[in-house]
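Presented below is the structure to which this report refers.
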Amino acid sequence: MASTASAGLTAADPRVLALAAEVTESREQDIPLLLLKLKGIVNDSSLGCEESKKIKQDIYGYNLAQYCMLLLRQDHSQLHAGWATAAQLAEILSHCCVGLEVKEDPEEFHKKFLPSAIDNLLVLGRRLQARFIRAIKDREKQEFLRWFQTVTDAICWLCGGHIQLAECVLQNDHFLQLLVTDDVETAAITMSVLHNILRVNSSVLLEVDEETLHSVLDELVYKLSSTANPVIGNSATKLLLVVAKCGKQLVSLIAARYKGLKGLLNKQWTGKGFDRDLNHLLDLLYSEQKGQMQRQHEAASIIQAVWKGFQTRKRLKKLPQAVTTLQRKFRAKREQELQHLKKQKEDEALKLQMQLQRQRARRLFHERQLALLEIIHASQVNKYMEEMEGKSALTIQRYWRGYRARRNFHQERQSLKEYKAAVIIQRAACKFLEKRRRRRTLSPWKDPKGLTDEQRLALQQKVDDYIKLHPASQMSEELSKELHMQAQEKLAWFLLRSRLDRRAVQRRESLLAQVNTNVELLLNAPGLAETTEKDLDVFMSQSIPAATKARQSHNTVLKYTRWPWWKKLGDEFMEDGVIPDDALNAELGTLFISGKKST
């Protein structure tokens, strides 16, 4: 190695040389205990400053410091006093690196060796923290806490000697995991490490990336809001104060990112023993809030001034066009008002003219009535007035009944449609079910099972017993013939009476059909002033009304056959050639043909 060769050219410390040879020849598990001898060599008080630097160069030149760094990452739980040895090696490594001046290849020392040493120290700290939290016995917890304190002191000592390592510590994930813990003792120690790093190099917060800075600030604010321990509150408050003192942009970041921090500090941490630092932090936050409000007010004033100027210039440019638009709207409004006044005058003139026409018609009507009264004899005046009143009453009644019928029809039309639809659906369903019932095949006849001999004997015994209990009456042949003749006479008389009753019913039905036909013809007959001889022959003849009704029936049948398909949707289950009774009755009513009533 280059460093080893250069160390061999100059006079090396015999203790370092002997220790390096011993480490080279020893087993791997013995090396940690051998490296503990470096503590006595480095901390020798009899050495001067130059001699101490020379020894540190020899230790680094013979790779003893590299051995210490690599041993920190090993798992020491299986070794005797392994974690104590690891903590002492961490302390030795930090003392060997502080004040060390590497003359050959210093870039490797500062860019590779020191960041690796920081990373290994943080890994060792995480392991000690985890075992401290899991420990149950008080003695064991105290030992792990003391070793954890030793490792964190080594980190602080190393960062104090090389301030560029502060950025490596903050951006290391292991340090953030050390900080994110609910344990009070280790959290307080970790925050003290962060406080020492920021006190040595406060500008490092401006150099780390935004995500790391936000993570650290989030954890500090979380500790203030989630715990009531004054130790944690004091440490977090001091750290936030140190961060706020680093620059105004960090104060602005804290005030903008954590808007409820001022209320939290005032409400929860006032009077806890660190009011001086707390009040200083609150003053910085309030001053930043006031400055931010003042900047926002100034920015709003500038925006308003620019906008008002823009609007004013825009209005000045549009002023001629606005005057033209105003004149056009004024003329249009005046024209609209003139049109409205003209229309209003026309409406008033039309209303006046209609009123005059009504008065003239009323006057002419009264004059006509007076003229008629003068013509009519005095004895007929009352009769004439009664007839006029009766006609007026009939007219009023006719209009009222028509209005009421139309109103009732509109109210009941929907229910009538629903009723007719239900009737059509029910009729179609019944016809469909009847047709399917008719098409159903009959099951083949099954002969009854024959009786066995025992059943036949039991049945014969029951018949004999019944005949014995109910003996038949003795009747002569002459009495039987006489009873038969009487039954025949009664049957003939019943058949004769039923035939006569059927003829009477047919006659009544034919007379009723004839009366209905005559009534319908009379209702449809023209007035007396329009009656002709042909109409008179229709009423005098007995066959013409029947022929007329037959012709109407024939026309109705033809009309039904020409209906479109959508009018016959309710008749899809009817037999062919059958016309619905409702449709036929709506067209024919009651038909009288050849003395019979057919519907």
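Given R0 = 35 Å, the distance between the Cβ atoms of residue 411 and residue 336 translates into a calculated FRET efficiency of 0.20. Pairs from the list 420/559; 141/223; 417/559; 112/238; 39/112; 56/112 with a Cα-Cα gap above 29 Å: 112/238.
Among the GluC sites (Glu not before Pro) found in segment 207-291, those both in a DSSP coil and sparsely packed, with 16 or fewer other Cβ atoms within 10 Å of their Cβ, are 207. The loop-placed trypsin sites (Lys or Arg not before Pro) in segment 130-190, going by DSSP, that have at most 13 neighbouring Cβ atoms within 10 Å of their Cβ come out as 137.
Segment 300-342 and segment 104-149 have Cα centres spaced 78 Å apart. Ligands, DNA and RNA are left out, and with a 1.4 angstrom probe the accessible area of segment 113-200 is 43 Å² per residue. Do any trypsin sites (Lys or Arg not before Pro) in segment 213-300 lie in a loop, going by DSSP, with at most 11 other beta-carbon atoms within 10 Å of their beta carbon, and if so which? Passing sites in segment 213-300 are 259.
Ignoring ligands, DNA and RNA, please state the percent of accessible area on segment 104-174 from carbon and sulfur, probe 1.4 Å. Accessible surface attributable to carbon and sulfur in segment 104-174 totals 50 percent.
So, for segment 49-95, what is the accessible surface per residue at a probe of 1.4 Å, expressed in square angstrom?
Working: 1980 Å² over 47 residues.
Accessible surface, normalised per residue, equals 42 Å².
Near residue 207, no amide H atom lies under 5 Å from its own; only residues 5 or more places off or on other chains count, and H is placed 1.01 Å from N.
The values are calculated or read from the model by the stated rules, or taken from the named source; none is laboratory data. Predicted, not measured: the structure shown is a model, and the values here were computed from it. All Cβ positions, even for glycine, are placed from backbone atoms using ideal geometry, and neighbour counts span all protein chains on display. Quick note on the areas: whole protein, heavy atoms, side chains included, nothing else; ligands and nucleic acids left out. Shrake-Rupley method; radii C 1.70, N 1.55, O 1.52, S 1.80 Å.
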